[in-house]
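Contents: one structure, followed by commentary.
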Amino acid sequence: MNFNFLDLTIIVVYVAFIFFAGSIVKKYVKGIDDYLVAGRSMGFSLGLISLMCTEIGMITYVYFAELGFKAGLASLMVAIPFVVAFLFLGKTGFVIKKMMEMKIMTVPEYFSKRYSKGVRFYLGILMAVGGILNFGVFPGVEAKFINIVTGIPEEYLLYTMVGLLTIVLLYTLVGGMVSVIVTNYVQYVLLSFGMVIITIIGFYAVGWDAIVEAVTVQMGDKGIDPFSPSFFKGDFGFGFLVWQILMQISLLIGWQAVSARLFASKDSKTGQRIYTWSSLMFFARAILPVFWGIMAFAFYTKLGTASEMNGLDALPNLIKDLVPHGLLGLIFAGLLAASMSTYASYLLSWSAIVSQDIIGTAIKSLTGKDLSSKNQLQLSRIVMAVVMIFIIWWSLFHKVEGYLYFYLNMTAMLFIPGTLICISLGVYWEKARTLGAYLAITFGAIPPLLYLIFPEESAKYASEMGYGGFIVALLGMLIGSVIQNVYNPKKVEEAV
């Protein structure tokens, strides 16, 4: 074990406290609205903290650090699209203001109100598949992280991850979104502390001169200049920026774990403020872990072992080798805090899609009636347990090819382009129709599906396939809507 008694004590006390804090809020959960969107009562400060904690886990640190380790200082460019997306939506209210005013609980619910219950069901399936495949690699990647940092033997890692996930599942099953929001307070404090300490210790141990020298000598211009060899051909150049800006705007609108924070906000003005101020926090969320990966590359280049190291293992090794005991326990508790918050939100979000938009829609189609709030609550809890079992199984067997960052982007792309196009045109173009929505969702899923099936062959075209998904989704919406408007111009869209 790499931990001493003090480290272990800090971690055990933290986990016990989080379980207790997350469980005692059961009395505040009266129905499905409380469970999924916390009764739509979340204010600005808590919403800001909760959103930040939701979208930072160990895996967030790992995939950003891998980018820094493999691509150098040029990869710091990935932080820019987050700022652009958050400021754009926060300042303009583009789409999100309308969605919050509709008082919906899940993203596909919008589609039943604007298009049809069939579109809602179809999108729900793609969202569940993409979201759960995205979520499914978390336990495996984070188990390896825990193995390196703690020294827990690999044969016990499965039990470690099952135990951690079970704790998260239990308090989320009981309190839903209320539990997630309450536990985010403590998690945010530890999270912020850990990010600052890792940055200070790493920079002190490595130094700026060593970082620049390692990247320049080992990677050349591509490690320094994101636009090398040119603005249009660089790995982080124009195509990448276009894709990532569209991607981040889409995720802030259509990624259930994020948009759930909007739906839980007490009003649209609060939701927009949360997004505006989140721009700074998410800039740091990308910049710091990427920089950790760059520091790790310089540190292990100096030791002569960088070429032998897997990029996904760079950050946990850096933490293990540089952080002293006591601080190591606190930082690891912060990392656990990040992952537990993400697991709780993702379990809640994807189970909500399955229970509300797939099973719930199917039941209403067959019976003509909605499930009662009590039955919806029970169904959500059952689905949540099933989702947890699946992601543990998936993480044991699936091997990610190429950058983990791109895999996570492409699983989200299975539904994100169609979601952005359908919601945007649904809000601002009255001639958007159901056939257009079906085609937009279908066409937008084709490029990422090809990437996921043929990752090695598609890797060098990731940016083109990324923004291409949005282009073909837009074409699908325009083609389908024009056809339906020509042949059936008077038909009123079916709504639930």
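A few remarks follow.
- Test: residue in the range 117-124 that is touching a Pro at 6+ places or on another chain (Cβ under 8 Å), over 26 Å from VAL212 (Cα atoms), basic (Lys, Arg) and assigned to a helix (DSSP H, G or I): yes
- Number of residues in the range 69-99 that are in contact (Cβ under 8 Å) with a residue 60 or more places away in the chain, assigned to a helix (DSSP H, G or I) and either among the β-branched types (Val, Ile, Thr) or in contact with a Pro (Cβ under 7 Å, 6 or more places away or on another chain) (or both) equals 7.
- From the list THR442, THR411, THR419, the one residue that fits, being closer than 21 Å to VAL119 by Cα, among the hydroxyl-bearing types (Ser, Thr, Tyr) and surrounded by fewer than 20 Cβ atoms within 10 Å (Cβ to Cβ), is THR442.
- Applying the criterion of being surrounded by 23 or more Cβ atoms within 10 Å (Cβ to Cβ) and more than 26 Å from the chain's Cα centre (by Cα) to the residues of the range 289-318, the residue that is farthest from PHE3 (Cα to Cα) is ALA298.
- Among the residues of the range 218-238, those that are surrounded by fewer than 21 Cβ atoms within 10 Å (Cβ to Cβ), assigned to a helix (DSSP H, G or I) and in contact (Cβ under 8 Å) with a residue 40 or more places away in the chain comprise GLN218, MET219, LYS222, ILE224.
Here's the yes/no breakdown for (1) over 21 Å from LEU126 (Cα atoms); (2) of a type in the set (A, V, I, L, M, F, W, C); (3) in contact (Cβ under 8 Å) with a residue 60 or more places away in the chain; (4) assigned to a helix (DSSP H, G or I):
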position: GLY293; (1), (2), (3), (4): yes, no, yes, yes
position: HIS325; (1), (2), (3), (4): yes, no, yes, no
position: LEU328; (1), (2), (3), (4): yes, yes, yes, yes
position: ILE359; (1), (2), (3), (4): no, yes, no, yes
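- Unmet requirement for SER230, which otherwise passes all of (1) within 28 Å of SER339 (Cα to Cα); (2) modelled with pLDDT under 90; (3) of a type in the set (Ser, Thr, Tyr): (1)
- Some residue of the range 209-224 being under 30 Å from GLY469 (Cβ atoms), of a type in the set (D, E, K, R) and at pLDDT 80 or above: yes
- Within the range 391-447, the set of residues being of a type in the set (Lys, Arg) and under 30 Å from GLU142 (Cα atoms) comprises LYS399 only.
- Complete set of residues in the range 361-400 that are under 28 Å from the mean Cα position of the chain (by Cα), of a type outside the set (S, T, N, Q) and closer than 17 Å to GLU109 by Cβ: ALA362, LEU377, LEU379, VAL383
- Exactly one residue out of LYS113, LYS97, LYS103 is of a type in the set (D, E, K, R), under 16 Å from ILE274 (Cα atoms) and surrounded by fewer than 20 Cβ atoms within 10 Å (Cβ to Cβ), and it is LYS97.
- Pairs where the first residue, in the range 117-146, is farther than 30 Å from PRO316 by Cα and of a type in the set (Val, Ile, Thr) and the second is part of a helix (DSSP H, G or I) and modelled with pLDDT of 90 or more, C-beta under 9 Å, 6+ apart: VAL119/PHE111; VAL119/CYS422; VAL119/THR434; VAL119/ALA437; VAL119/TYR438; VAL119/ILE441
- TRP243 being at pLDDT 90 or above, aromatic (Phe, Trp, Tyr) and surrounded by 22 or more Cβ atoms within 10 Å (Cβ to Cβ): yes
- Among the residues listed as VAL162, VAL149, the single one being touching a helix residue (DSSP H, G or I) at 6+ places or on another chain (Cβ under 8 Å) and either surrounded by fewer than 22 Cβ atoms within 10 Å (Cβ to Cβ) or closer than 29 Å to ASN485 by Cβ (or both): VAL162
- Scan of the range 434-458 for residues that are within 12 Å of GLY476 (Cα to Cα) and of a type in the set (Gly, Ala, Ser), ordered by number: GLY436, ALA437, ALA440, GLY444, ALA445
The values are calculated or read from the model by the stated rules, or taken from the named source; none is laboratory data. All values reported here derive from a predicted model rather than from experimental measurement. Please note: Cβ atoms are built from the backbone with ideal geometry, for glycine as well, and neighbour counts cover all protein chains shown.
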